[in-house]
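S.K.: One structure coming up, written as structure tokens, with questions to follow.
The values are calculated or read from the model by the stated rules, or taken from the named source; none is laboratory data. These figures come from a predicted structure and were not determined experimentally. Here the Cβ positions follow ideal geometry from the backbone for every residue, glycine too, while neighbour counts run over all protein chains shown.
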Amino acid sequence: MTFDPDNPFRVDRRTTIKWLAATMAAAYTGCSSDEKYLGDEIPPARRLLGVAAQPANIPYGTDPDRMIPVVPWSRTMTDAQLRATAALCDLVLPEDDRSPSANAVGVPDFIDEWVSAPYAQQQEDRELILDGLERLEQQSRQRFDVSFAFASVQQKTELVDSIAGGPEPDQAEFFKRFRYLTVGAFYTTEAGARDIGYIGNVPIAGEYPGPSDEAMAHLAGVLQQLGLPLPANPASA
């Protein structure tokens, strides 16, 4: 699926909240530093991607209704921010012969959900990501006279290479965090699971055949390292 900046793929709130919950615990370990580098503040009036709406300070609370889930906050990114997000997502994880691109499975909506959520980690990431996208947009227009979403793959790659390993720590940290969230969200999807060969809980028709020879060999090796005996009938254990 080729990236279309005019028509980014969208997914529903229930799906992005499921991804958010699955990514949340792991994402807390993705922050490499307690220090934040955000550079000079970008005045709202000069933001080329527009100004995202303020997030609602309404968390789920301690007892959400799991039967009829309602997300108490709104997504806040502008359409221009979403287009830039989709373009960068597809640069991080483009379509290949095994799986679709990050945008094709709705990762930009997950990023929007993430930066709009009213929790401490998400709000810290919000400033980093929105400012990073804005600076990327400014540099794209200055260097190539085109919006980042509509730049060529070569131009996008050149811009990202310059910030990922560049001298400005705020931009390098932005891309590192953006990439972490993009990859985390993608591999939470069914397409991402297939890409790494994860089967998951697959129903088996008929009688259970027992573990495979490969699984048994792995189990035997682990138990040997632990100094434990192999069960007589591990299939029934």
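S.K.: Name the residue, out of ALA185, ALA149, ALA172, that is assigned to a helix (DSSP H, G or I), closer than 13 Å to ILE111 by Cα and either touching a Pro at 6+ places or on another chain (Cβ under 9 Å) or modelled with pLDDT under 95 (or both).
M.R.: After applying the criteria, what remains is ALA185.
S.K.: Cβ contacts < 8 Å: first residue free of Cβ contacts under 8 Å to residues at least 24 places away in the same chain, restricted to the range 174-188; second residue in a helix (DSSP H, G or I), any location; separation 6+ or different chain. Result?
M.R.: That search, which allows pairs on different chains as well, returns TYR187/ALA193; TYR187/ASP195.
S.K.: Hey, another quick one. Quick one: is GLU134 within 20 Å of THR23 (Cα to Cα) and of a type outside the set (A, V, I, L, M)?
M.R.: No, not satisfied.
S.K.: Suppose we filter PRO59, PRO64 for residues that are assigned to a loop (DSSP other than H, G, I, E, B) and modelled with pLDDT of 65 or more; which single one remains?
M.R.: PRO59
S.K.: Can we say ALA191 is touching a Pro at 6+ places or on another chain (Cβ under 8 Å), in contact (Cβ under 8 Å) with a residue 40 or more places away in the chain and closer than 17 Å to LEU93 by Cα?
M.R.: In short, yes.
S.K.: Identify all residues within the range 71-106 that are part of a helix (DSSP H, G or I) and more than 14 Å from the chain's Cα centre (by Cα); write none if there are none.
M.R.: ASP79, ALA80, GLN81, ARG83, ALA84
S.K.: Go through the range 168-226 and report how many residues are polar (S, T, N, Q) and under 16 Å from the mean Cα position of the chain (by Cα).
M.R.: 3
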